[in-house]
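Here the structure comes first, spelled out in structure tokens, and everything after it is commentary.
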Protein chains: 2
Amino acid sequence: MSTEDKIISFLQENFVAQNGIGDDAAILPKEKNKFYVISKDLLVEDVHFRCNYCSPQNLAHKTLAVNLSDIAAMGAKAKYVFLGISLAKKNLNYGKAFLRHFVKTCKKNNIFLLGGDTTKSTDKIVLSVTIIGVVEKNNIKKRSGAHAGDIICVAGNLGSAHIGFTALENNFPGLSKYKNIFLRPHAKQQEGIFLGKQKSVTAMMDLSDGLSTDLTRLAIASKKSAIINIDNITISKNFAAACSNLNLDPQKTILSGGEDYSLLFTVQKNNYEKLAANFKRNFGYELQCIGKITEKRKTALLYKKNGVLFYPKLNSFAHFA
Amino acid sequence: MSTEDKIISFLQENFVAQNGIGDDAAILPKEKNKFYVISKDLLVEDVHFRCNYCSPQNLAHKTLAVNLSDIAAMGAKAKYVFLGISLAKKNLNYGKAFLRHFVKTCKKNNIFLLGGDTTKSTDKIVLSVTIIGVVEKNNIKKRSGAHAGDIICVAGNLGSAHIGFTALENNFPGLSKYKNIFLRPHAKQQEGIFLGKQKSVTAMMDLSDGLSTDLTRLAIASKKSAIINIDNITISKNFAAACSNLNLDPQKTILSGGEDYSLLFTVQKNNYEKLAANFKRNFGYELQCIGKITEKRKTALLYKKNGVLFYPKLNSFAHFA
């Protein structure tokens, strides 16, 4: 268990039966049938981003996107944001440019900046975002709703952001497609709202810490186990070549690369075909079907390869480890 | 104008007519006549607190208290909190002790921890709190409601926290009463709710950056000017002696010392006597009447001494400047 998971489980034990702790966002009643979903994120320079290769524009985009993604993962529409920023003198200009672009990015996404806090920092830039979305009660998707037999799906990239991240960290030239996926992730806002409306979708979360780690969390929250069918995962030539350039194992990159901000969700088996076709028609790209949910087993996550089940050793994506 | 005020005014210009930016908390509709008020704070090690003289217990108390204070300043009752924490390996034990005490402090205050975010830090501890309160529409107090003729009041200490802060920073022995006020501020939760219910209270905020700085903000938000009557400010013997020990000017300490987390508010003149008596009966201590609101003048803040008005030079409290 990572330190983060340990702390979250300590908090869960102390605040029983809460909406929120451990989910992508907390849930509070609005009026009638509507709810607010609220999520909070902390981004620390040289832990979550580096100023030397992440421009203020890109950081503004990414800061909002990772939060929009949390709201999308609940099936909700993001509406309001709060920004806390801590700046030292040496990064004041970078910080001001970031703020200008953050305001612009909020406006472009119809998100209202409701408030925040600006403070000095001794050294590193720290960003803290609280985002609020609105959703109808019946459309809320939690991590905890998966049932045995459900199909596990992903909408969006797997591992591409990790290729971009590795290339940027190692100052590797080219691979700009992957660098861009890491620097300017696309929050699946419309997909999240669409999937929120599907009754056949039983659980959902976004992928920030890597497929294996996040799927383990979904399985634990649902009190089930998840099997990833490795044979279902397709590795494109382009992806394999990029991995080879960076000495990355393609399969491992797909299974544990973080920061893709794709949506991970489970669907009732009988409704999967229809949903997948519907999704393709709406968004122009295919869902990836990566495995299925089973009753609880010895571990929350299993892999299946050539028809054989085994228990993986997990390495969580840990930013700049 | 401080960098913080400049950034806030930049944000205000870009998000017109918002509840929130510049106030203690933002306001969002709940159901019927009720509203959520939401506030966000960032606390950075060695900017807002130092681990060498602030125990994890005290930090947990203070982190919650400064946020409870923001909610009280809106006339609201605090209900929910989100905590973001960024920890480096070297301060993991301090951080874990902080978390234990933070959970305890939330429970003691009937505040539910709804979620949060834990991340690594490269060096300093960073805490980010989002707090949510609930209030009836008619009881919401903003900074912007003051009218010419209103009396300016303070509930709580003025300058005492700054004495404690200065003593701690200079490793000065004794003065534990003042050190305690700085380390374990008392959020005026009950006072805030009481004042929220008083129709005669026209504007309210909490005092975090010092009386002069914060009153200037209230006056600007209300499009008025504020006059502090210096002759009204009483300096106790004990206070003067503590200041003398630390080479602090008592009057300046009262006018610009930060982190008191007292409530600053304005009251309709005709209702002041009744409110003050009522307040004394409820809370066992006197309100301080420190001046009055006037129509807008050349500057937002004026001082009056021996009947003569003058424009002060302001030095905002700037934590560990």
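The values are calculated or read from the model by the stated rules, or taken from the named source; none is laboratory data. Just so it is clear, the structure is predicted and the values come from calculations on it, not from any experiment. Please note: Cβ atoms are built from the backbone with ideal geometry, for glycine as well, and neighbour counts cover all protein chains shown. Areas reflect the complete protein model, heavy atoms only, side chains present, ligands, DNA and RNA absent. Shrake-Rupley method; radii C 1.70, N 1.55, O 1.52, S 1.80 Å.
Computed with a 1.4 Å probe over protein heavy atoms only, the accessible area of residue B:45 comes to about 20 Å². Counting only Cβ charges, +1 for Lys and Arg and -1 for Asp and Glu, the dipole size of the protein assembly as shown around its Cα centre is about 1120 debye. For the protein assembly as shown, the solvent-accessible area works out to 42 Å² per residue, with a probe of 1.4 Å and every protein chain left in place. Taking a straight Cα-Cα cut-off under 16 Å and skipping sequence neighbours fewer than 8 places away in the same chain, the lysines within cross-link reach of residue B:120 are A:6, A:40, A:124, B:89, B:90, B:96. Peptide packing for A:178-189, A:246-257 was compared via the average number of neighbouring C-beta atoms within 10 Å per residue; ordered from the highest value, the list is A:178-189, A:246-257.
For a paramagnetic label modelled on residue A:34 (point 7 Å from Cα along Cα→Cβ), amide N atoms under 18 Å away belong, within the stretch A:193-233, to A:193-194, A:196-197.
Give, as a single signed number, the net charge of other residues whose beta carbon lies under 9 Å from the beta carbon of residue A:160, with Lys and Arg counted +1 and Asp and Glu -1.
0
Between amide H atoms placed 1.01 Å from N, distances below 5 Å from residue B:49 occur with B:44, all of them 5 or more places distant or on a separate chain.
Would you be so kind as to identify which of B:185, B:44, B:284 lies farthest towards the positive end of the dipole of chain B, taking Lys and Arg as +1 and Asp and Glu as -1 on Cβ and the Cα centre as origin? So the residue we want is B:284.
If the stretch A:197-321 were replaced by its equivalent ellipsoid, with semi-axes equal to the square roots of 5 times the Cα gyration tensor eigenvalues, what would those be, largest first, whole Å? Working shown, then result.
Working: eigenvalues 106, 75, 42 Å².
Whole-Å semi-axes of the equivalent ellipsoid: 23, 19, 15.
Per residue of chain B, the DSSP helices (runs of n ≥ 4 H) give a summed -39500 (n - 2.57) that works out to -10500 deg cm²/dmol at 222 nm. By accessible area, using a 1.4 Å probe on protein heavy atoms only, the protein assembly as shown has 48% of its surface on carbon and sulfur. 3J(HN,Hα) along the stretch A:224-240, derived from phi through the Karplus expression 6.51 cos²θ - 1.76 cosθ + 1.60 where θ = phi - 60°, amounts to 10, 10, 10, 10, 8, 8, 4, 5, 6, 8, 8, 10, 6, 4, 4, 5, 4 Hz, with x in place of Gly and Pro.
Considering all different alpha carbon pairs of chain A, the Kirkwood hydrodynamic radius works out to 20.1 Å.
Give me a single rounded figure for B:62-75: the average over its residues of other chain Cβ atoms within 10 Å of their Cβ.
On the way: counts 0, 0, 0, 0, 0, 0, 0, 0, 1, 0, 0, 0, 0, 0.
The shielding value for this peptide is 0.
Ellipsoid fit via the Cα gyration tensor, the stretch A:111-164: semi-axes of 33, 22, 11 Å, each the root of five times an eigenvalue, largest first. Cross-linked pairs B:142/B:199; B:179/B:305; A:224/A:274: Cα-Cα separations exceed 21 Å for B:179/B:305; A:224/A:274.
Using the alpha carbon gyration tensor of the protein assembly as shown, what are the three equivalent-ellipsoid semi-axes (square root of 5 times each eigenvalue), largest first, in whole Å?
48, 25, 22
Accessible surface ranking for A:280, A:89, A:224, 1.4 angstrom probe, highest first: A:89, A:280, A:224. The local environment of residue B:137, defined by Cβ-Cβ distances under 11 Å, has a net charge of +2 under the rule Lys, Arg +1 and Asp, Glu -1. Across peptide B:29-36, the average count of Cβ atoms from other chains found within 10 Å of a residue's Cβ is 3.
With its label point put 7 Å out from Cα toward Cβ, residue B:274 sits 6.6 nm from the same residue's point in the other copies, in order from shortest.
Hull volume per residue, based on the alpha-carbon atoms of the stretch A:97-255 and their convex hull, is 170 Å³. Each copy carries residue A:93; placing its label point 7 Å along the C-beta direction from Cα gives inter-copy distances of 4.3 nm, listed from smallest up. With a 1.4 Å probe rolled over the protein heavy atoms of all chains, the accessible area of B:308, B:37 falls in the order B:308, B:37, largest first.
Think of each Lys and Arg Cβ as +1 and each Asp and Glu Cβ as -1; about the Cα centre, that makes the dipole of the stretch B:162-321 roughly 580 debye. When you count the other C-beta atoms within 10 angstrom of each residue and take the mean per peptide, A:212-223, B:137-148, B:67-78 line up highest first as B:67-78, A:212-223, B:137-148.
Using a 10 Å cut-off around each Cβ of peptide B:132-139, what is the average number of partner chain Cβ atoms that fall inside?
Details: counts 6, 0, 1, 0, 0, 0, 0, 0.
Going residue by residue through B:132-139 and averaging, the value is 1.
Under a point-charge model restricted to the Cβ atoms of Lys and Arg (+1) and Asp and Glu (-1), what is the dipole moment magnitude of chain B relative to its Cα centre, in debye to the nearest 20? Spell out each step's value before the answer.
Working: 44 positive and 26 negative charges, 143 e Å.
Around 680 debye, computed over chain B.
A label point on residue A:51, set 7 Å along the Cα-to-Cβ line, lies at 2.3 nm from each of its counterparts in the other copies, closest listed first. Buried surface for the A/B pair, taken as the accessible area of each chain alone minus that of the pair with a 1.4 Å probe, is close to 5000 Å² in total.
Close amide H partners of residue A:30, meaning residues 5 or more places away or on another chain with modelled amide H under 5 Å apart, are A:35, A:36. In this structure the amide hydrogen of residue A:297, modeled in the peptide plane, comes within under 5 Å of the amide hydrogens of A:225, none closer than 5 places in sequence on its chain.
One quarter of the surface of the convex hull around the alpha-carbon atoms of the stretch A:22-142 equals 7.5 nm², the direction-averaged projected area.
Relative contact order for chain B: what is it in percent, counting Cα pairs under 8 Å that are at least 6 residues apart? Can you show the working numbers first?
Details: 676 pairs, mean separation 69.9, N = 321.
22 percent.
Near residue B:186, once Lys and Arg are set to +1 and Asp and Glu to -1 for all other residues with Cβ below 15 Å from its Cβ, the sum equals +1.
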